[in-house]
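The structure under discussion appears below in the form of structure tokens.
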Amino acid sequence: MGGHYEAARTAAVAIGNRLGAHDALAVLGSGWTDAARALAPVEREIPITDLPGFPAPAVAGHGVTALTLALGDTRVLALTGRAHPYEGHDVHTVVHGVRAAVLSGCRRVVLTNAAGSLDPERRPGSPVIIRDHLNLSGLNPMTGPAPPEDLPARFVDLSELYDPRLRSAVAERVAGVGEGVYAGLLGGSYETPAEITMLRRWGADLVGMSTVLEAIAARHLGAEVFGASLVTNMAAGLSADVLDHEDVLATGREATDRLVDLLRAALTT
Ligand code: HPA
């Protein structure tokens with residue numbers, strides 16, 4: 001009964017013991033880890049597999065770590081990677097880190113990712129604030145055994161999932177950053193052009209394979225949720241030109257300063 005939550009509680013205690021207390025969690029997607037390290041001094045850092053219930057990173061040698069950033073008065077727990085359902089992980093394993101962090105005291109959860117752009121005007125290198133999402137993964141962290149009695153019940157209200165106050169405060173602090181709707185798919189492959197056409201009609205601006213499940217799990221436990229994407233490519237069928245790797249790397253490097261600004265705003269507003 002409620003075994004996933006018990007596992008998250010155990011991990012929450014381990015986070016406290018190994019890294020101390022934190023105000024906020026940042027989950028760093030592709031392209032975001034360098035920005036987080038540039039943001040503030042790393043106080044402590046441990047392999048994520050030192051914490052109970054976290055799966056070993058999928059790519060050998062790609063050490064995923066849990067680290068503490070001292071951002072002024074704000075102590076940030078940052079995870080430099082995440083588990084995805086397309087790797088074969090159960091939905092509860094995918095949200096384990098978010099649940100553990102919130103149960104350990106993180107009141108705010110900042111979720112970041114790399115995404116394809118469905119908006120022809122929004123090019124690779126652009127950071128985008130997630131306004132809302134389409135959970136098209138076929139999964140939901142609120143399935144399975146009911147949450148324990150001392151935690152909120154399922155059927156959590158998602159009408160303001162991505163905190164409106166935080167979104168507008170961050171948009172004010174980071175020049176030129178826009179908002180978009182993120183479609184979260186199961187993934188394992190990129191999309192077909194027909195799927196991208198469908199997603200555009202459904203109101204998506206961004207497409208990726210993460211974030212939506214973590215956002216739901218964080219909101220369920222009462223955290224303030226903020227999400228942001230870094231556009232790394234135009235979605236399937238939107239770009240006539242062959243993607244130039246050097247151009248993408250250059251846009252990534254140019255974006256780092258803005259990612260740092262965005263993270264700082266999202267974590268300290
Ligand atoms: N599709 C899905 N996931 C992605 C993409 C994409 O185009 N780019 C980065 N993650």
- Task: For segment 146-163, indicate whether the set of residues that are more than 26 Å from L263 (Cα to Cα) and among the basic types (K, R) is non-empty.
- Result: yes
- Task: Working carefully through the options G237, G176, G227, G222, find the one that is more than 10 Å from the ligand (Cβ to nearest atom), under 30 Å from V102 (Cβ atoms) and either surrounded by fewer than 16 Cβ atoms within 10 Å (Cβ to Cβ) or of a type in the set (D, E) (or both).
- Result: G222
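Could you list all residues from segment 154-205 that are of a type in the set (D, E, K, R) and at positive phi? Step through it out loud before you land on a result.
Of the residues in segment 154-205, the ones of a type in the set (D, E, K, R) are 154, 157, 160, 163, 165, 167, 172-173, 179, 191, 195, 200-201, 205.
Hits for segment 154-205: nothing passes.
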- Note on the structure: Counting only residues in segment 162-175 that are in contact with a strand residue (DSSP E or B) (Cβ under 6 Å, 6 or more places away or on another chain) and part of a loop (DSSP other than H, G, I, E, B), the one farthest from R131 (Cα to Cα) is identified as D163
- Hey, does segment 82-97 have a residue that's within 18 Å of N17 (Cβ to Cβ), surrounded by 21 or more Cβ atoms within 10 Å (Cβ to Cβ) and within 16 Å of the chain's Cα centre (by Cα)? yes
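State whether the residues of segment 202-217 include one that is surrounded by 13 or more Cβ atoms within 10 Å (Cβ to Cβ), more than 16 Å from the chain's Cα centre (by Cα) and not in a loop (DSSP other than H, G, I, E, B). Spell out how you get there, then give the answer.
Here is the first cut: in segment 202-217, the ones surrounded by 13 or more Cβ atoms within 10 Å (Cβ to Cβ) are 204-217.
Checking which are more than 16 Å from the chain's Cα centre (by Cα) leaves us with 204-205.
Filter again for not in a loop (DSSP other than H, G, I, E, B), leaving none.
Checked segment 202-217: no residue is surrounded by 13 or more Cβ atoms within 10 Å (Cβ to Cβ), more than 16 Å from the chain's Cα centre (by Cα) and not in a loop (DSSP other than H, G, I, E, B).
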- Is there a residue being crowded, with 17+ Cβ neighbours inside 10 Å, among the hydroxyl-bearing types (S, T, Y) and more than 16 Å from L221 (Cβ to Cβ) anywhere in segment 1-22? no
- Of the criteria (1) within 14 Å of the ligand (Cβ to nearest atom); (2) β-branched (V, I, T); (3) not in a helix (DSSP H, G or I), which one V156 fails: (1)
- Item | Enumeration of residues in segment 7-20 that are of a type in the set (D, E, K, R) and either over 13 Å from G97 (Cα atoms) or touching a Cys at 6+ places or on another chain (Cβ under 6 Å) (or both) | R18
- Query: Quick one: what pairs do we get from segment 12-32, first residue of a type in the set (D, E), second in a helix (DSSP H, G or I) and at pLDDT 95 or above, C-beta under 9 Å, 6+ apart or different chains?
  - Reply: D23/L267
- Message: Need pairs with beta-carbon distance below 7 Å; first residue more than 17 Å from P120 (Cβ to Cβ) and more than 11 Å from the ligand (Cβ to nearest atom) and within segment 190-210, second assigned to a helix (DSSP H, G or I) and among the acidic types (D, E); sequence gap 6+ or separate chains.
- Response: none
- Message: Based on this model, can you work out whether A183 counts as out of contact with any Lys or Arg (no Cβ under 8 Å at 6 or more places or on another chain) and within 16 Å of the ligand (Cβ to nearest atom)?
- Response: yes
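So, in segment 164-213, exactly how many residues are among the hydrophobic types (A, V, I, L, M, F, W, C) and within 23 Å of D257 (Cβ to Cβ)?
Narrowing segment 164-213 to residues among the hydrophobic types (A, V, I, L, M, F, W, C): 166, 169-171, 174-175, 177, 181, 183, 185-186, 194, 196, 198-199, 202, 204, 206-207, 209, 212-213.
With the extra rule that they be within 23 Å of D257 (Cβ to Cβ), the set shrinks to 166, 169-171, 174-175, 177, 206.
The qualifying residues number 8.
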- Message: Exactly one of these conditions fails for R99: (1) charged (D, E, K, R); (2) farther than 25 Å from D163 by Cα; (3) touching a Leu at 6+ places or on another chain (Cβ under 7 Å). Give me its number.
- Response: (2)
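The values are calculated or read from the model by the stated rules, or taken from the named source; none is laboratory data. Bear in mind the structure is a predicted one, so any value in this text is a computation, not a measurement. Neighbour counts run over all protein chains shown; Cβ positions are idealised from the backbone, glycine included.
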